[in-house]
Amino acid sequence: MAVELRNVDTLAPPPGYSHVAVGRGGTVVFTAGAVPLDAQGDLVGGDDPVAQAEQVIENLLAALQTGGAQPRDVAKTTVYVAGASYEAQSAVWQVVRSSEIGRAPSTLVGVPTLGYRGQLVEVEAIALID
C-alpha cells in the first residue's frame, strides 16, 4: 500500500512535510523512538544535535526495514529535541526534512530531557504497508 501525502489548500504551506497522509487497509508499523546510539550502545555525536539526528535517522531506517517498511511507507513522524534552542530544533529538522522520510506529516517537539544521558534527539515513525 502506498501512502498518499496531501496538503490542505486552506492552510499555510508546511515547511517541507505534508499536512496529511492517507492509507487504507494493510499493516501498520510503529517504531520505538530511534535514538543516537551505535550498535555497541554508545552515544554518537556528543553534544552536536545534527550528528545525533543523522545517527537517529540511520537507526530509524533500520527499524523500519526490520518491520517490512520502506521510507516511502512512513505516514507520520514525531521528532523530539531535548533542551534545545530554536536554532538546534531547526538544525535537527533540516536533517529530518532532507532524509528519505522527510515528506511525511511530522511534529517537532522541544522537551527538557530524553532517555539517555547526553541524548538530544529522538524520532519515532508510523508506517503503512501491504
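Remarks
- Note on the range 110-130: among residues that are among the β-branched types (Val, Ile, Thr) and in contact with a helix residue (DSSP H, G or I) (Cβ under 9 Å, 6 or more places away or on another chain), the one that is most open to solvent (accessible area, probe 1.4 Å) is Ile129.
- Index of the failed condition, Phe30 passing every other in (1) within 21 Å of Gly16 (Cα to Cα); (2) open to solvent by 60 Å² or more (accessible area, probe 1.4 Å); (3) aromatic (Phe, Trp, Tyr): (1)
- Condition check for Ala62: free of Cβ contacts under 8 Å to residues at least 40 places away in the same chain, surrounded by fewer than 16 Cβ atoms within 10 Å (Cβ to Cβ), within 14 Å of Ile101 (Cβ to Cβ) and small (Gly, Ala, Ser): yes
- If the condition is being part of a loop (DSSP other than H, G, I, E, B) and open to solvent by 60 Å² or more (accessible area, probe 1.4 Å), then the range 78-89 contributes only Gly83.
- Screening the range 90-109 for residues that are closer than 14 Å to Tyr80 by Cα and among the small types (Gly, Ala, Ser) and picking the one that is surrounded by the most Cβ atoms within 10 Å (Cβ to Cβ) gives Ser106.
The values are calculated or read from the model by the stated rules, or taken from the named source; none is laboratory data. Note that this is a predicted model, so its numbers are computed, not measured. Using ideal geometry, Cβ is built from the backbone for each residue, glycine included, and neighbour counts are taken over all protein chains shown. The area values use the complete protein model at the heavy-atom level, side chains included, leaving out ligands, DNA and RNA. Shrake-Rupley method; radii C 1.70, N 1.55, O 1.52, S 1.80 Å.
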